[in-house]
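Have a look at the structure below, then the notes.
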Amino acid sequence: MAKLKIPSVARYRKRVGGFGSLDVKHDGSVLQFNTAESCYNFDFGSGALGAGYGVSANAAVHNEAQRYWIYRYYSEEAGGFVDQCFFQESHGLLMCYDSYEKELLYISGFPYPPIQAMNYRLNSKDVLLISCEGRKLIVWDGFVLKTHESSPVISSMALHYERLFVTSREEPTKVFFSDDLDPTNWDISIDGGGFIELLDERGELNKIVSFGNYLYIFRDHGISRVTAFGDQREFSVANLFMTAGRIFPSSIAVCGSCIIFLASDGLYMFDGYDCTRVLQNLDGLIVPSDVCASAYYNGRYYLACRMDFDDDKQVGCEKGKYTANGLLTYSTANGEYTITRGIDITFMNGCTYLGEDFLMCCAGGEGGVIEKNGKLFDESLPKFWKSPETDFGAPDRTKAIRELYIQGNADCKITLSSDKKTKTFKVKAGDRRVRVNFNAKRLSLAVESDAADCTIKAPTIVYSSY
């Protein structure tokens, strides 16, 4: 009697070649399987999924701080330089904490609009130059706030070759500059202060920055460069970049050898001469708006803004009212980036306090620092990565997913989806073999984790087809 031969079914192994970056611009049908069509709160830079950026408390940052700087001054009594935390609290009042005096003090008895500040050496004394919308130049010398009524009403300011250059909402076509070596003297004269007026189709003057050897004025629809080395009689202006869209001044940050900013049509990198689009694969995720905050810290550009994740989920701050719901971090060295979802950041500033470097932020109305910790203060942020659909190169065959091998140091959930069904598996930390039994011609894979700290390596999928 002949033996019955049961034909063996060939099994194939599909190794996901490292978890890849996010691409929301292109259709999923043209993306590689290891590219993410949705991803947040994971860092995928290494090919494994790790904790993304979050916010934590820090003893140097008062929890009521909405905006924050370090004022550094020389104290003869202390016998050296002293760091003073200077910040604005939720009602607009100005406060400071002196690391030598060990006192927390209210500086102002009435509220100010959101402020900007910078350190300066004025008349052999360390001071803090302060500006805010609708106000003139304010100087803090560690004891008294003094308003200099001769200055313009300031919307942005930059120090350049010992002069203070400012823009003003009251006269939005002019750049004003102070006297040489004296930012409190705004008397207009050939040897003192003055202004430069720019009247062309690039629009109003919104933000001024010092970069390299030049001043750059960011306007509604373009960028102008001012050459201003010393003698104002030799000042000159050149118009550079121009766009039909709008440039959002709150997104502008000097990032080492370049300036990065957000415009109506996406993110740009500016090297002082030319503008280049960057992260075009995120077009559609970042909502173009000046309701944002930006900073440069430790080789990365940070942009807190509104993001459209195009799903029905509510993560973190999205469960209530918020200004921003996303944070982009972008490495100017290698182009790697991360997306954090569910944190409402309204201000960021890189600081050094008592030798400690940190990126201060105000998240949800509370002062903290940005760190790669996967949390919003004490709460872990939910993490998500999802691939586009794939047919494994055989569109006419049904794939029977048998097993999945995955390694990680934290619990996670794996979800397989097709146009007809979805199946989710809970996976414990460690080296795991997951029995799947999922059939589809096209399928996608998603990974979720609620762990604050995690490392999840790309899986191997075992399947047959018929």
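The values are calculated or read from the model by the stated rules, or taken from the named source; none is laboratory data. If you're wondering where the values come from, they're calculated on a predicted model, not measured in any experiment. Note that each Cβ is placed from the backbone with ideal geometry, even for glycine, and that neighbours are counted across all protein chains shown. For the accessible areas, the whole protein counts, side chains as well, though only heavy atoms, and no ligand, DNA or RNA atoms are used. Shrake-Rupley method; radii C 1.70, N 1.55, O 1.52, S 1.80 Å.
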Name the residues in segment 223-247 that are in a loop (DSSP other than H, G, I, E, B) and either touching a residue at least 40 places away in the same chain (Cβ under 8 Å) or surrounded by 13 or more Cβ atoms within 10 Å (Cβ to Cβ) (or both), would you? ALA228, PHE229, GLY230, PHE235, THR243, GLY245, ARG246
Do we find that ARG169 is under 30 Å from ALA65 (Cα atoms), surrounded by 13 or more Cβ atoms within 10 Å (Cβ to Cβ), touching a residue at least 60 places away in the same chain (Cβ under 8 Å) and of a type in the set (D, E, K, R) in this structure? no
Flagged in segment 199-222 as part of a strand (DSSP E or B) and farther than 15 Å from THR167 by Cβ, in numbering order, are PHE211, TYR214
Might you check whether a residue that is assigned to a strand (DSSP E or B), β-branched (Val, Ile, Thr), surrounded by 15 or more Cβ atoms within 10 Å (Cβ to Cβ) and in contact with a Cys (Cβ under 7 Å, 6 or more places away or on another chain) occurs anywhere in segment 390-399? no
Count - residues of segment 36-69 that are out of contact with any Ser or Thr (no Cβ under 7 Å at 6 or more places or on another chain) and of a type in the set (Ser, Thr, Tyr): 4
The condition of being small (Gly, Ala, Ser) and open to solvent by 60 Å² or more (accessible area, probe 1.4 Å) holds, among SER294, SER257, SER250, only for SER257
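For (1) at pLDDT 95 or above; (2) open to solvent by less than 60 Å² (accessible area, probe 1.4 Å); (3) closer than 21 Å to SER449 by Cα; (4) part of a loop (DSSP other than H, G, I, E, B), each residue gets a yes or a no:
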position	(1), (2), (3), (4)
ALA304	yes, yes, no, no
ASP312	no, no, yes, yes
ALA324	yes, yes, no, yes
ILE339	yes, yes, yes, no
ASN349	yes, yes, no, no
THR352	yes, no, no, no
GLY367	yes, yes, no, no
ILE370	yes, yes, yes, no
ASN373	yes, yes, yes, yes
Within segment 45-157, considering only strands (runs of 3 or more DSSP E) that don't extend past its boundaries, which have at least 2 residues that are aromatic (Phe, Trp, Tyr) and surrounded by 20 or more Cβ atoms within 10 Å (Cβ to Cβ)? 67-75, 80-88
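Yes or no, residue by residue, for (1) over 24 Å from GLN314 (Cβ atoms); (2) under 18 Å from the mean Cα position of the chain (by Cα); (3) crowded, with 16+ Cβ neighbours inside 10 Å:
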| position | (1), (2), (3) |
| --- | --- |
| LEU359 | yes, yes, yes |
| LEU376 | no, yes, yes |
| ASN409 | yes, no, no |
| LYS413 | no, no, no |
